[in-house]
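Notes to accompany the following structure.
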Ligand SMILES: Nc1nc2c(ncn2[C@@H]2O[C@H](COP(=O)(O)OP(=O)(O)OP(=O)(O)O)[C@@H](O)[C@H]2O)c(=O)[nH]1
Ligand SMILES: [Mg+2]
Ligand SMILES: [Zn+2]
Ligand SMILES: [Zn+2]
Ligand SMILES: [Zn+2]
């Protein structure tokens, strides 16, 4: 049950806005609703069967070719999002990492700089709470929170729905912070221009080898918390080498959100994309 | 759990198609899952039985064809089996390997039962 409105909506994601506790929109992605509908028809069908006497109640078997990508629906929607971004000249970035690598901190630190040059908006993905959206809201930029509930990733449908609630400007930058998770979000295209994976120096330099799919899918990798390097057993060069083994096209940045080291190179990289657009 | 949302997308896709075809139920589904696709097949089967409840696919048997990964060296063009994204070319040692198969994740076909008349 939804604890905001008491409705019986189960599963499915909820959109929320900071500073507006009344606002929430239930969205259902992967056709949970459909399965309910089918439940009805299914039982009706059984009643029907019982009402008549059939000679061949098991019917005829037939094979049907499908040859369809399982993620087809997500991928089609992602392409629609991508078309929307392109038409309106919006650069969308998908930020991915394990919980706590510093996705929100990076946005908090760089958005005040970036917004002097380009309008910025944010979509925050977390299973619960509007904590991250509240932190972005405090910067004074438009933000929407997607609470995925039990879901472990954002999908193209959630982004599509969020876009309708966010009034994005043309020629702007959209930062999407995915649910903290180094596995599942890699599989779901959102329609972003680039995937940015963040890893921090407290996580172990073999992470790219342990979670190769994420680093394989990413376009850019940011190593964060370099201020902690003197205190942790983390070899930045080896981490980079490991990441390059998984994806030899990966662009690499090293930053400390805390000290500000390396952030100029990162914001300049974004500005180049925004201008080129 | 993404295997759950993926199981739901499979159910949604086959259920819709089966209805179009006038099926009474789905008895089998053939999936192609590449070993590099990031799908845990055991977990998927487990989620599928929950996801298919109340749909035409409720009693369907999932047959999963797992495909090995193949990499191609961008330096010397030789191809070879890979089980990870971080393969090294066995011919020339290059790390610049492109994955050419093993990332598939498809519904190949399904078997339906039509209403017996
Ligand atoms: N020392 C140090 N701490 C940092 C740095 N960047 C972020 N942190 C800290 O790391 C913790 C997690 O940062 P967040 O920005 O909330 O991480 P996140 O990736 O958004 O986390 P989730 O949204 O929960 O996945 C916070 O306590 C930050 O203050 C850094 O460069 N150096
Ligand atoms: Mg965060
Ligand atoms: Zn509600
Ligand atoms: Zn998952
Ligand atoms: Zn080679």
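Every listed requirement among (1) more than 14 Å from chain B (Cβ to nearest Cβ); (2) in contact with a helix residue (DSSP H, G or I) (Cβ under 6 Å, 6 or more places away or on another chain) is met by residue A:200 save one, (2).
One line per residue, one yes/no per condition, for (1) modelled with pLDDT under 95; (2) surrounded by 13 or more Cβ atoms within 10 Å (Cβ to Cβ); (3) not in a loop (DSSP other than H, G, I, E, B):
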site	(1), (2), (3)
A:229	no, yes, yes
A:237	no, no, yes
A:258	no, yes, no
A:266	no, yes, yes
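Among the residues of region A:86-103, just one is in contact with a strand residue (DSSP E or B) (Cβ under 6 Å, 6 or more places away or on another chain), over 18 Å from residue A:185 (Cβ atoms) and not in a loop (DSSP other than H, G, I, E, B), namely A:91.
Residues in region A:182-206 that are under 23 Å from residue A:258 (Cβ atoms), in contact (Cβ under 8 Å) with a residue 60 or more places away in the chain and in contact with a strand residue (DSSP E or B) (Cβ under 9 Å, 6 or more places away or on another chain) were compared, and the one that is surrounded by the fewest Cβ atoms within 10 Å (Cβ to Cβ) is A:182. Taking first residues from region B:35-55 that are in contact (Cβ under 8 Å) with a residue 60 or more places away in the chain and partners that are in a loop (DSSP other than H, G, I, E, B), the Cβ contacts under 6 Å between residues at least 6 apart in sequence or on separate chains come to B:35/B:68; B:35/B:102; B:36/B:102; B:36/B:103; B:37/B:103.
Does residue A:171 qualify as being more than 14 Å from chain B (Cβ to nearest Cβ) and either assigned to a helix (DSSP H, G or I) or under 15 Å from residue A:252 (Cβ atoms) (or both)? Criteria not met by residue A:171. Among strands (runs of 3 or more DSSP E) entirely within region B:46-117, having at least 3 residues that are within 10 Å of ligand 5 (Cβ to nearest atom) and in contact with a strand residue (DSSP E or B) (Cβ under 9 Å, 6 or more places away or on another chain) singles out B:69-73. The set of residues in region A:139-168 being closer than 16 Å to residue A:95 by Cβ, assigned to a loop (DSSP other than H, G, I, E, B), within 14 Å of chain B (Cβ to nearest Cβ) and in contact with a strand residue (DSSP E or B) (Cβ under 7 Å, 6 or more places away or on another chain) consists of A:148, A:154. Do we find that residue A:213 is part of a helix (DSSP H, G or I), under 21 Å from the mean Cα position of the chain (by Cα) and surrounded by fewer than 22 Cβ atoms within 10 Å (Cβ to Cβ) in this structure? Yes: the conditions hold for residue A:213.
When region A:246-256 is limited to residues that are touching a helix residue (DSSP H, G or I) at 6+ places or on another chain (Cβ under 7 Å) and within 14 Å of chain B (Cβ to nearest Cβ), the one that is surrounded by the fewest Cβ atoms within 10 Å (Cβ to Cβ) turns out to be A:250.
Only residues that are in contact with a helix residue (DSSP H, G or I) (Cβ under 8 Å, 6 or more places away or on another chain) and either free of Cβ contacts under 8 Å to residues at least 24 places away in the same chain or more than 12 Å from every other protein chain (Cβ to nearest Cβ) (or both) were counted across region B:89-108, and they come to 1.
Taken across region A:120-134, residues that are more than 16 Å from ligand 5 (Cβ to nearest atom), within 27 Å of residue B:34 (Cα to Cα) and part of a loop (DSSP other than H, G, I, E, B) do not occur at all.
Of all residues in region B:6-61, those satisfying the criterion of being surrounded by 15 or more Cβ atoms within 10 Å (Cβ to Cβ) and at positive phi are B:38, B:54.
Within region A:167-207, being closer than 23 Å to residue A:24 by Cα and either more than 16 Å from the chain's Cα centre (by Cα) or within 15 Å of ligand 2 (Cβ to nearest atom) (or both) holds for A:167, A:168, A:169, A:175, A:176, A:177, A:178, A:179, A:180. Of the residues contained in region A:99-118, none is found to be within 16 Å of the chain's Cα centre (by Cα), crowded, with 16+ Cβ neighbours inside 10 Å and within 14 Å of chain B (Cβ to nearest Cβ).
Return the residues of region B:72-83 that are within 23 Å of residue B:38 (Cβ to Cβ) and free of Cβ contacts under 8 Å to residues at least 24 places away in the same chain; say none if nothing qualifies. Scanning region B:72-83 gives B:79, B:80, B:81. Name the one entry in A:94, A:89 that is within 16 Å of ligand 1 (Cβ to nearest atom), modelled with pLDDT of 95 or more and away from every other protein chain (no Cβ under 14 Å). A:94 is the lone residue from the list that is within 16 Å of ligand 1 (Cβ to nearest atom), modelled with pLDDT of 95 or more and away from every other protein chain (no Cβ under 14 Å).
Considering only residues that are within 7 Å of chain A (Cβ to nearest Cβ) and not in a helix (DSSP H, G or I), look in region B:6-39 and name the one that is farthest from residue A:72 (Cα to Cα).
B:24
The values are calculated or read from the model by the stated rules, or taken from the named source; none is laboratory data. Since we're looking at a predicted model, the values are computed, not measured. Cβ sites come from the backbone with ideal geometry, for glycine too, and all protein chains shown count toward neighbours.
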